[in-house]
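In what follows, a single structure is set out as structure tokens and then discussed.
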Amino acid sequence: MKIPFLDLKSAHEELRKDLQKAYDRVLESGSYILGKEVEQFEEEFSEYCQVSHSVGVGNGLDALHLILRAFGIGAGDEVIVPSNTYIATWLAVSYSGATPVPVEPDLATYNIDPMKVELAITSRTKAIIVVHLYGQPADMDPISVIAKKHGIKVIEDAAQAHGARYKGRRVGGLGDAAGFSFYPGKNLGAIGDGGAVTTNDADLADRVRMLCNYGSHIKYHNEVKGFNSRLDELQAAILRVKLENLDQWNLRRAEIAARYLKELSGGKFLTPVVPDWAEPVWHLFVVRHVDRDLLHKILNSNGIGVLIHYPIPPHLQGAYTDLGHVKGSFPISELIHDEVLSLPIGPHISAQQLAMVIKEVRKAN
Ligand SMILES: *Cc1c(COP(=O)(O)O)cnc(C)c1O
């Protein structure tokens, strides 16, 4: 039996009728960019995230980049980012012309350590991008206090955390603005690229809307040198169907996570720690193991789809040699990258498949 890391085909099979209807509706509408579907989706996503504004954009990386641009952040500015994240968080900062300044995570939660944030603030710091990594919300309150004290913006990278809650409140409205990705493998995924910006700041939403559509509010009137990064009608129509099922699918992920926590705790595996104020949505179920590379190889060769998120931290990527960080610059992040392994946690794993994964993985406990 081969168990895939994530089975998107089964997910779409479950919703096939509704997805087909959405597809046909767009095809027959004759309107494919910035029409009714995007408008409706934005409204529904705002309600879901408990925010007043959503703007559909081309992808998650652009969502973060456009937020930075809309806040006027650019060359000469610094933006604090987690040292432990997917490289897109850093790239968004680089796209804007600003410099990403990494801060180490808390080894228990893998999210940025609020205690270390203040030490990284300089007179050039304009914002901090907090990532809700693996679907678990970061500790926002202490970060908001520090940000307020220094007059800097708090931006959420919520690409892995659609629906997660921090102290009862949904991510997406916990800072000044948030970027979401609808890459197919995310908890809420399109059948192609997509993203959104959420915020309670009407001016920010308006600026992102202008920037993502060639820098214009009115067609052919270009106020600034904008970008082309729009969520398209087809993806919006698909996302509307999938949004209705998001909570149910997140719940299935939580059930699988609970099972893993029960079966894998207390041995050689370090299992995820969930603070009592966090309601994660388990985008990934990440364990740590000292023999990660060997385990990765064995499990994959036994047909268990496991992945590494991520094998190389951003500061050691070729793309960022210019910043001058070296091995040892961010030891906590490097340790995490050396030991993490992601187990399958997609909502469409069968009971039989889950039992098989647990049986194989437990051999290394
Ligand atoms: C997926 C992801 C992004 C980027 O999203 P895209 O839609 O692929 O551009 C950004 N940040 C994090 C943490 C992600 O996981």
| Out of Val117, Ala127, Ala138, whose Cα points farthest toward the positive end of the dipole of the range 98-140 (charges: +1 Lys, Arg; -1 Asp, Glu; placed on Cβ)? | Ala127
| request: Evaluate the Kirkwood expression for the hydrodynamic radius of the range 1-137, namely the inverse of the mean inverse distance over all pairs of different C-alpha atoms, and round to one decimal in Å. | output: 18.0
| message | How large is the translational diffusion coefficient of the range 103-150 in µm² per second when you combine the Kirkwood radius over alpha carbon pairs with Stokes-Einstein at 4 °C and 1.567 mPa s? | response | 116
| task | For Lys149, go through the lysines and keep the ones whose alpha-carbon is under 26 Å away, minus same-chain ones fewer than eight residues off. | result | Lys116, Lys126, Lys167
| note | Quick note, the range 228-281: a/c under 1.5 would make it rounded; otherwise a/b > b/c is prolate and the rest oblate (a ≥ b ≥ c, C-alpha gyration tensor); here it is prolate
| field | Reach of Lys2 by Cα under 17 Å, taken over aspartates and glutamates that are not fewer than 8 positions away in the same chain | value | Glu360
| Modelled label-to-label distance, Lys225 and Asp322, 7 Å Cα→beta-carbon offset: nm? | 1.6
| field | Under 23 Å from Lys219, Cα to Cα: lysines that are on another chain or at least 8 residues apart | value | Lys36
| query | What whole number of Å gives the distance from the Cα centroid of the range 120-156 to the Cα centroid of the range 1-35? | reply | 36
| request: Could you check the simple spin-label distance between Asp206 and Glu43, using points 7 Å along Cα→Cβ, in nm with one decimal? | output: 2.1
| message | Suppose each label sits 7 Å from its Cα in the direction of the beta carbon; what would the Met1-Arg362 distance come out to in nanometres? | response | 1.4
| note | Yeah, the range 129-258 with a ≥ b ≥ c from its alpha-carbon gyration tensor (a/c under 1.5 is rounded, else prolate when a/b outruns b/c, oblate otherwise) is oblate
| query | If the limit is 31 Å between Cα atoms, which of Lys17/Lys297; Lys9/Lys327; Lys153/Lys225; Lys148/Lys242; Lys9/Lys153 go over it? | reply | Lys17/Lys297; Lys9/Lys327; Lys148/Lys242; Lys9/Lys153
| field | Globularity ratio of the chain, using Cα Rg and 2.2 N^0.38 Å | value | 0.98
| query | Rounded, prolate or oblate: which fits the range 33-85, taking a ≥ b ≥ c as square roots of the Cα gyration tensor eigenvalues, rounded meaning a/c under 1.5, else prolate when a/b beats b/c? | reply | prolate
| message | Could you tell me the center-to-center distance, by alpha carbons, between the range 42-110 and the range 251-308 in angstrom? | response | 26
| Modelled FRET efficiency - R0 45 Å, Asp141 with Asp291, Cβ distances, 0.05 increments | 0.75
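No lab work stands behind these numbers, since they all come straight from the coordinates. A quick note: this is a predicted structure, and the numbers were derived from the prediction, not measured. Cβ atoms come from the backbone with ideal geometry, glycine included; neighbour counts cover every protein chain shown.
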